[in-house]
Structures are given as structure tokens and as C-alpha cells.
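Worksheet for the structure shown next.
A short reminder: the numbers here are calculations on the coordinates, not readings from a lab. This one's a predicted model, so the numbers in the text were calculated from it and none came from an experiment. Every residue, glycine among them, receives a Cβ derived from its backbone with ideal geometry; neighbour counts consider all protein chains shown.
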Amino acid sequence: MSRDRIIQFLAAGVMLVCLVVSGALSMELTASVGRNQLAYTERAEDGDPPEVALGIAMGAFRGLFVNMLWIRANSLKEAGRYYEAIELSGAITRLQPRFPAVWAFHAWNMAYNISVTTSTADERWQWVQAGIQLLRDKGIPANPNAMLLHKELGWIYLHKIQGYTDDANNHYKRALAAEWTAVLGEPPRADPSDRSREAAIAKYVEWLRPIVEAPDTLDALVKSDPAVASLVQAVQAHVAGAWTDAELLRRYALHQALERSGQREIIRSQMGSRSAAFADLLSDTSRAESWQKYVAQLRRRVLIDVYKMEPDRMVRFTQKYGPIDWRHPCAHGLYWSARGVEQGLSRATEETMRDYDFINTDRVVMQCLQELYRTGELYFDYLEWEAGQFATYISVPNPHFIEPYHQLVTSGELLERNPYERTAKRPYRVIAAGYENFLKDAVCFFYRRGQRREAEKWYRIAANWEGANMHDPYRIELFSMPLDEFVEKELTDRFKSPSVAIAEVYGALDGAYISGLLAGDGELFRSQFEYAKRFHRYFLQEQLRMTPTGNVYGRLEMLDRDFGIVAGLRFANLVGQLSLDDAETVYDNAPEDLRRYAYDAFTRRFREALDAEVRNGGRAFDSVFPEPSNMASFRTTLARELEERRRTAERNVAPK
């Protein structure tokens, strides 16, 4: 065989091998493109604006065309033509879905610019949700490692919903709390063991555990448990496909709330046939275990499919950060911003760390932790919301989030991925300033709560922290003061801040009830209680301003206007967490007006168990917790007050 022929055969063999490898790689690349949504739009669909078809037709010049659209969209936004800007930015996301800035632009227009042009709180909430859903459901799945989108989503929860700059923020908070009461159910009830941060975290992890361990599909659950299969078949027969999984969870949450209500029989009598049949299934005690498994699987699928959240990550964040109540806006702000940091770390380099994405996203993480400390313990009446009434929503400080904020800063985790903050020669750092202000708030909170030892602990940490900014010449003088003088000085110029007002009022009330009534210190109770009343009155006098949005709430109305309700509901909820002996002590030492708020809660919690012990020589409920005088009148007055609020709310939100 000639030399030329040998070369030809070898070349043909190499070519054949290359074709085979190319075919295999092409299939793998195509599969990867599909899995990771890396393909650009190649055809226009019905309803697309004409710019999409034109951009596709331009082929290789698509990038230039998108730049022109981007410039045009910005111009429309600056001119206040937000709806046109949204339509144009939607076209850009269709043409270049991996352009994070346009997703952020699009969502911001919805949540901020368009929402404030509407007339009612419900309309505003729909546009805020539209911005959230755009980022969560489309933008982030198309750009899973884009910290910008995670940061923007976290910021909407932190600033737009949890903040108070929007006139309708109180409506947003209640709507979100209702939504997540349906998705996850009410979080674990507090009890004396929650004074330990570790015990509180363990309880919240166990609350989420059934969702994490639930089968990934309903078919798998049904095959594994015949009792669940029977329940699912019965539910589907009654519901007949009329309800989504999310609606089933809402109905389940409503049933749970009704079971704790004294009006459940009245409400049951007003149900339609489908709702009544569903309620009968829920009331069947023989199916209780099957319901728990079924609901856990529904929650898992709704979290993953509807909210694009990962149950495993939710548990991990609970273990890392604290007992997160997912009804709180900053629970979601924390989740998405912290997730963005973790996703971004997979592509982090020294160069990418200097583009401010890390530091800006970390700031959202820190601010969410700060808000969870200030307002992270919620009391929300879901049944009132579902009934269309004035829904009670109280957020109080949760000191379990002080430690994770402290660890985040002092462990070096933030400085490691934020080169601007770790420059040794800088006299001022933003993270250091925020951390020091946070510690000052914590010192004041524990001091007013009567936990002087905790206040002194954090005061020493703040005073001795080596990473403190050195630009303030008065810092040494400030941290040389006795603790009492330090607290008074810190509060002098901060009385008008809503976050400070919440911490001060509830911190003082907690100190009054726990350090005063439980310890039998009447003088401490009176001083703390009067301080909370004065602070509440002063804050509302200075900051309560009504708004023209058709909303019943004032813009900075972060505390109920009636101090009696603030103090009474806090008393009922707080002492309801105590053991029987401690609850009796606090109840005995409390004035009559506070007892009235707690009496019905104590009845639900203790009466059955106490009365059952009478035959064994125990004391009856009425002897342990005697009914306060004029309870019937009190219930009527309170109901009338809440009804008047409901009517006021209806008048204010009714279309003009």
C-alpha cells in the first residue's frame, strides 16, 4: 500500500473519530442548554411585542438592537411612562434572558414605580407581588448565580414590605403573613424553653422537618401509605380538581384557625357544600396522621414549584441564623440575599468581589437580621384576615437574632469576601458602623427589659471590639460611661424612629411583666410599664400621619394606637408562654385590666388539664385563675372596638 493511501486512511479514521466525539458532545451540550435554560429566544410567540420578532430577525446584530431597546426603556422610565417601559423591558428579557440588569429594572418598575400610581392598598400589593414573582419565578431561574437579582428580591422584602416608606406597608405585611400562614401553617407556639436560643432553633427545625423528609411526589407518598392514598382519593372526590395545592393549604390553615375559635360552629353553618365536606374530612380524627403526611407533601411541592424555595436550605438557614418565622417579610429577604451570596461564591474571584455585588448583598443579609431582631416575633390573627376584618398584627423584638448578626461580623466571614471592608488602613468601614449601632440598640433593649447582665455583656463587646471605626473622637468617652448614662444618652435623639419605638415599648413591657410581675417587684413593674406608655404616646404624637392612599393605617403606624391593646395583647401572649406555676404568679400580681386580656387565653390553655386533676386532689381552674370582674363587658367593648376598626377600614378602602 502506497504512502499516500496510508495517510488517506489515517485521515479518514481521525475524521470519523472526530465526528463521533462531536456528535456525543453536541447531544450533551444540547441537553445542558435545555437543563440550564441557556438558549436565546429564536421565535416570536403570540402576544409578544413587535420588538421581539424584529430582534430575532436581526440575527448576529441582536446585541446592538437590545442596546437600543435598553436605552429607550430607560428614557421611558425617566419620562414616567412606566407601562411602556415595562412592555419594552419584557421584550428585552425575551431576547436576552441572561441580562440581569433588565430583570432588576423590570421588577423595580412594577414594585416601586407603578405600585404607587394605584389608588388602593390591594392594587399596590398586586404590583409589589408582580415584581417579586418576576424576579423569583423568571429572572433568577434564568440567572441562578446572579447576586444582583437575589439582592434586588431581598431588598423588595426588606425595604418595600418590611419598611415603612410606602403608605400601604401595613397591608403588605398582613397580606404576606396570611399567605405564609397558609403555606407553612402557624409556627411553633412559644414556651419557657424558648428562652434558650438553641432550644428555639431546634423547635423550628423540627417544624420544617416533615416538609424536608416528605416524598418528592404525591404518587410516591400514596404508594408508600395506603391510609394516605385513601385520604387523597377522598379529598379529590370532594374537591374535584377545583382547588390548587396552594388553595388546599389555605383551606387547611383556615380549618386549623377555626378549631381554636369559639365561633367555629357559627362559621361552619355558613359553609358551602364543598367546604363543609372538606371540613368533615379534616375533622375525622382517624385520619389525623394521614393529614399530616399529606399536608407536608403539599407544602414541599408548593415551596419548590410555586415559591422556588428549597426546604433543605430553609432548615440550614434556620440552624445558622435563628428561629425564622416565615410570615415575616425579612425571613424572605434573608433567604434570597443569603442564597445569592452562596450562589455567587461558586464564581467568586478577587476581581468579581470588587464589583460591590458581595458587599451590597451582604448588607441586605445584615439588615434583614437586624429587622428580625427588632420585629422577628409575630402575633397575627389569620382568622380575622380571612374574615375580612381588621387583622391583629403585632411584631416584637426577638433577641435570638442578635447572636447571628454578631457572629456574621466578628467571624471574618464578611471581611473575607468583601475586600473593601478588610483594608486595614481604612479608618471607617460601613459594616463596622452598622455593627456598632446594632450593639448599641441591643444594649438599650436588654437594659429596658430589665436584663442588666445581658446589657452589660453586649456593652463590653461593643466597647472592646477591635474592628471598631476610629474616626469618632467621642467613642472612647461614650464607652467609658456607666451603663445607665450610656443608655440615656443613646435614646435622647432616637425617640422618633419606628424600630427604636418598637424595641423600647415591647422591651419595657417584657421587663415589666417578667422582671417585675414574675419576680414580685411591683416598683420595677410600674416604672417599666409607665415608661412603655410614655414612649408609645410620644411616638404616636410625633409620627402618626395618615395618608391619601385609601389605607386605614398611618405611614409610620408600627404600633397600635391604643396602648391598652398593645400592653394587654403582649401580656396575654407573653405570660401564655410560661409554665403553670409562673403563669399563676404573674396573673396574681397583675392588675385587673391586664388579667382580662389573659383570662380567655389561660382558659383555653389550662382549664381542661386543671379541671381533670380535681379528682386527684388538684385545684380547679377557677381557683387558680379566678375570672376578673366585668369580663362580659370587657369582651363586648373589645369586640366593638375591633368591629369599629373593621368598618373604618372598609370605608377607607372602598372605591370612591
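Could you calculate the contour length gain from ASP122 to ALA288, that is, 0.36 nm times the residue separation minus the distance between their Cα atoms, to one decimal place in nm?
Length gained between ASP122 and ALA288: 56.2 nm.
Students often forget the sequence filter, so: which aspartates and glutamates lie under 18 Å Cα-Cα from LYS203 once same-chain residues fewer than 8 apart are removed?
Within the straight-line limit of under 18 Å, LYS203 reaches these aspartates and glutamates: GLU186, ASP191, ASP194, GLU213, ASP312, ASP325, GLU377, GLU403.
Calculate the spin-label point distance for LEU10 paired with ALA433, positioning each point 7 Å from the Cα along the beta-carbon direction, and give it in nanometres.
Result: 7.1 nm between the two label points.
Can you sort ASP362, ASP305 from fewest to most other Cβ atoms within 10 Å of each residue's own Cβ?
Sorted ascending by nearby Cβ count, the order is ASP305, ASP362.
Within straight cross-link reach of LYS457, meaning Cα distance under 24 Å, which lysines are found once same-chain residues fewer than 8 apart are removed?
LYS320, LYS440, LYS489
Given labels modelled 7 Å from the Cα in the Cβ direction, how far is it in nm from ASP588 to SER527?
My value for the distance between the label points is 2.5 nm.
Please give the length that would be gained between ASP216 and SER411 if that part of the chain were fully extended, namely 0.36 nm times their separation in residues minus their C-alpha to C-alpha distance (nm, one decimal).
Full-extension gain reported as 66.6 nm.
Using the per-residue mean of other Cβ atoms lying within 10 Å as a proxy for protection, in what order, highest first, do the peptides 165-176, 225-236 fall?
165-176, 225-236
What FRET efficiency do you get for ALA639 and ASP484 if R0 is 41 Å and r is their Cβ-Cβ distance, rounded to the nearest 0.05?
0.45
Using 0.36 nm per residue of separation minus the Cα-Cα distance, give me the extension gain between GLU342 and ARG607 in nm, one decimal.
90.5 nm
Considering all projection directions equally, how large on average is the shadow of the alpha-carbon convex hull of the range 431-490, in square nanometres?
That works out to 3.7 nm², a quarter of the Cα hull's surface.
If packing is taken as the average number of other Cβ atoms within 10 Å across a peptide's residues, how do 455-462, 17-24 rank, most packed first?
Sorting 455-462, 17-24 by mean packing, highest first, produces 455-462, 17-24.
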